[in-house]
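Written below as structure tokens is the structure these notes are about.
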Amino acid sequence: MFRSLHMKLTLIMLLLILSLMAAVSIFLTASVNSFYVNAFYRQLDSVFGVDQREFVADLRSAAGEADGAERLRERLEANAGLLGIDYHTRNFFVLDGITGAYLTGSDGAEALPADPSPNLLSARLAVERGDGSAVGDESVPGAGYMDAAIPILAGDRAYILYILDNCETLSGLNRQLFPIILQALVLGLVIAAGLSFLLAKTMAGPIEKLTAGAEEMAAGRFDKPLPVESADEIGTLTGTFNEMAGVLQSTLAAVENERNKLDTLFLHMTDGVVAFDMSGTVIHCNPAATEMLRRDVEPGWSYAGLFQDIAPFEKILSLQRPNYAEGELVAGDRTLEILLAPFSDQALGGVLAVLHDVTEHHRNEERRKEFVANVSHELRTPLTNVRSYAETLRDGEGDIPTDTANGFLDIIISETDRMTHIVQDLLILSRLDAGNTDMAFTRFSFRESIESVVRSNALNAQSRGHEMSFVCGEELPWIEGDRSRLEQVMMNIIGNAIKYTPDGGHIRVSAGVQEAQVWMDVWDDGIGIPEASRSRIFERFYRVDKARSRESGGTGLGLSIAWEIVQRHHGSLSLPPHEGPGTTVRLVLPIRQRDERRRNP
């Protein structure tokens, strides 16, 4: 209950008012008591003081008579009004100056204090000293009465006039004052409670609203600005709070936007990313990393189980930016390049692992090396032949028969043509790789193109004693594509069938339609392709029988060029299953190309 600011402020205000009123009450009571005591001694001083020497002299004269005690009583009764003697609360007594014994007075001896007061003792000492001016008129705190003792010396006689006030008047006054103070205190508390409640409400209300607004902000709701109800410091604080909420909302929106970007990037990036906390436990892993590592990397996995062989975790944590560690990891049939670096210098940091799949890069590097070696070999062989025959012609000038020299020159020309074909094929492949070869896409008859290529190869097949036929039992549609390039592909496939089929063989070309595609099969009963070479037949410079291929004038680039052209037409080249000796090559093309591939001649 008292934990709320409202109740605390109310309680503090009430305690403050109560303390203040209690202090005022105590001060008022003390002031009344002090006033009454001071009034008593001022009144006595006005009677027995230095200004009243005649009255004191009269008292001493009366004390010198034979019945001095009675004469003193008469004088005091005559001046009772001046002394404030009311015979109830205030009385006078005439005492023996030496012994302090009661002689006479306005009340009996029983009214005297049981023990002599300090003032009375002081007066008796004055009498002993013979000092008639030493009046005992000091207030005794806590005595419950007020008194004054005046020594009266007259020759050998000595008396003490003792004035005693039992303070009943003061006690009565205090008793009357107490209910008044109590009533004032209660009324003051009631008024103070109401005012303090209103004041606390005024002060705590805006703070409670600010607290509610802060709770809304903590819950992520920033669309409820607080009303500014005053122009004081609370109003300024409320306005500043609203501005802070707006800035915080904008900041959180920007942070959320950046987080969404990073989450999207993290989720869809092709590189793998694995994050570890300071203890080496996985906290994040994107799908690419899971696919690369060939395992499900769940939160809670340890660094030691993944990359400990590359570098110790503590070593990575000790690295300073921009330093990092790298290494390679083999996962299944993939080779991964791993980059490891700390992602924060703070206590809440960790280690970030970035995974690159370099499998294809390594393969391409191997292919590049093999390609360079093949090009060098393919060009070195005809160059060696050309040089050898040219040197023979030069060294044997005049001694070599004309027919033999012409044969050498024919070989030189043939080898030169072969190098020219190799260079031309390499240029075509280079343009295809660079995307610099434009395809002139048009609509043309697929059947007419096949028939044209078959007719172009008929004479070559006939010279080898082959039986070549074209079989198509259905209507073939017109297709979209670069006709000259596709006929180059068909020429290469049929030419290879003729070239690698022993004389007197059989070659059958067939075609058809399947859904939105057309296909062409070239079947032969030639030497065939071994199973181990079927997956590499479309690689550059790859030949099953290199010696026989060179004899037939092949460069090993024809099928690679055909593959690239077909790929740019969104088609495929494949080797379907073939029964018996020989090979079947299938060409599949879409009837219609994608919009971005269409071109007008």
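The values are calculated or read from the model by the stated rules, or taken from the named source; none is laboratory data. Small disclaimer: the values here were computed from a predicted structure and weren't measured. Here the Cβ is made from the backbone with ideal geometry for all residues, glycine too, and neighbour counts use every protein chain on show. Surface areas here come from the heavy atoms of the whole protein model, side chains and all, with no ligands, DNA or RNA. Shrake-Rupley method; radii C 1.70, N 1.55, O 1.52, S 1.80 Å.
Could you rank Thr281, Thr501 by how accessible they are, 1.4 Å probe, largest area first?
Thr281, Thr501
Where does each of Trp519, Trp478, Trp301 land when they are ordered by accessible area, with a 1.4 Å probe and the largest first?
Trp478, Trp301, Trp519
What do you get for the angle between helix 168-218 and the principal long axis of the chain? Use alpha-carbon atoms, 0 to 90 degrees, nearest ten.
10 degrees
Need one number: nm distance between label points at Gln249 and Leu383, each 7 Å from Cα along Cα→Cβ, rounded to one decimal.
Calculated label separation equals 7.5 nm.
Pick out, from Ile85, Leu427, Leu153, the residue whose Cα sits farthest towards the positive end of the charge dipole of the chain, with +1 on the Cβ of Lys and Arg and -1 on the Cβ of Asp and Glu.
Working it through, the farthest residue towards the positive pole turns out to be Leu427.
Rounded to the nearest 5, what is the percent of antiparallel bridges among the DSSP beta bridges in the chain?
95 percent
With everything on Cα atoms, drop me the angle between helix 233-268 and the longest principal axis of the chain, reported from 0 to 90° to the nearest 10.
20 degrees
Given the chain reduced to its alpha-carbon atoms as identical point scatterers, what log10 I(q)/I(0) does the Debye formula return at q = 0.12 Å⁻¹?
Here the Debye-derived log intensity ratios amount to -1.20.
How many lysine pairs are close in the chain, with Cα atoms under 23 Å apart and the two 8 or more places apart or on different chains?
So the count of such lysine pairs works out to 7.
Within the stretch 292-326, report the trypsin sites (Lys or Arg not before Pro) that DSSP leaves as loop and that have at most 13 other Cβ atoms within 10 Å.
Counting only loop positions with at most 13 other Cβ atoms within 10 Å, the trypsin sites (Lys or Arg not before Pro) in the stretch 292-326 are Arg294.
In degrees from 0 to 90, rounded to the nearest 10, what is the angle of the helix 483-499 Cα long axis to the longest principal axis of the chain?
Orientation of helix 483-499: about 60 degrees from the principal axis.
Sort Ser535, Ser344 by accessible area with a 1.4 Å probe, largest first.
Ranked from most to least accessible, the order is Ser535, Ser344.
For the chain, the longest stretch holding no GluC sites (Glu not before Pro) located in a DSSP loop with at most 10 other Cβ atoms within 10 Å is which?
1-396
Carbon and sulfur atoms: what percent of the 1.4 Å accessible area of the chain do they account for?
56 percent
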